[in-house]
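The values are calculated or read from the model by the stated rules, or taken from the named source; none is laboratory data. Computed from a prediction, not measured in an experiment: that's the story for all the values here. Reconstructed Cβ throughout: ideal geometry from the backbone, glycine too, with neighbour counts over all protein chains shown. Surface areas here come from the heavy atoms of the whole protein model, side chains and all, with no ligands, DNA or RNA. Shrake-Rupley method; radii C 1.70, N 1.55, O 1.52, S 1.80 Å.
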Amino acid sequence: MKVAATLHVNGTDYPVELDPHVSLLKAVREELGLTGSKEGCDDSECGACMMLLDGEPVNACSYLALQAEGREVTTVEGLAGDEEVGPLQRAFLQQAVVQCGICTPGMLVSATALLRHNPAPTEEEIRIGLSGNLCRCTGYRGIVRAVRQVASGNVPPLGSAPVHPDTTPPHHAG
């Protein structure tokens, strides 16, 4: 038996009919067509499915969609606001963070929540803030650099040269 509900996602109301046991992740991906959030483990272990619920990160794979009715859900698609790509997404690109891409949406969501609560986090605070997100590819260094870059306010527009502060510039013989 399906239940009529309205999910408020990224500023838009979506009337849906849902099975009572369907997760927020499944409802957002399958009913709304917003596929940015990923299903990694389906057990609240990896953080790939992270969404903001009233501004706080939740593992959407284990949160019932009907519990989100009347609350503000923000997916990775909603993070940039009116911009095509927000500062955090730009920093992830500039720091060459994105590899396989499974963890990226969850990392962006968790980093957004962290920066809203603490606009100038230390490296340790960043690592703690992202501790609910697993990445099997990057080793986290670039992710931490990207969050620090956003905190510093130094995120140039896309099309600028990539910013890799931990790399040595090429040596030109002359």
Inset, instruction - May I ask for the angle, rounded to the nearest 10°, between helix 104-117 and the longest principal axis of the chain, with both axes built from Cα atoms and the value confined to 0 to 90°? - result: 80
Inset, instruction - Provide Rg over Rh for the chain; use the alpha carbon set for both Rg and the Kirkwood Rh (inverse mean inverse pair distance). - result: 1.03
Legend entry - Taking the C-alpha atoms of the stretch 29-70, convex hull volume expressed per residue in Å³: 75
Legend entry - Charge dipole (the chain, unit charges on Cβ, about Cα centre) - positive-most of ALA91, ALA68, LEU25: ALA91
Legend entry - Sequence-separation-based contact order of the chain, relative, with Cα cut under 8 Å and 6+ spacing, percent: 22
Legend entry - Cα Rg, Dmax (largest Cα-Cα span) when computed across the stretch 1-96, Å: 13.6, 47
Inset, instruction - Calculate, for the chain, the solvent-accessible area per residue in square angstrom, rolling a 1.4 angstrom probe over the heavy atoms of the protein chains. - result: 54
Inset, instruction - Determine the share of the stretch 7-56's accessible area contributed by carbon and sulfur atoms, expressed in whole percent, with a 1.4 angstrom probe. - result: 39
Legend entry - Semi-axis lengths (Å, descending) of the ellipsoid that matches the C-alpha gyration tensor of the stretch 87-151: 16, 12, 10
Legend entry - Spin-label zone in the stretch 65-82 - amide nitrogen under 16 Å from a point set 7 Å from the Cα of THR35 along the C-beta vector: 76-77
Inset, instruction - Mind giving me the nanometre distance, one decimal, between the label points for SER152 and ALA4, set 7 Å out from Cα along Cα→Cβ? - result: 5.4
Inset, instruction - Please work out whether the stretch 45-90 counts as rounded, prolate or oblate from its C-alpha gyration tensor, where a ≥ b ≥ c are the square roots of the eigenvalues and a/c under 1.5 means rounded, while otherwise a/b larger than b/c means prolate and anything else oblate? - result: oblate
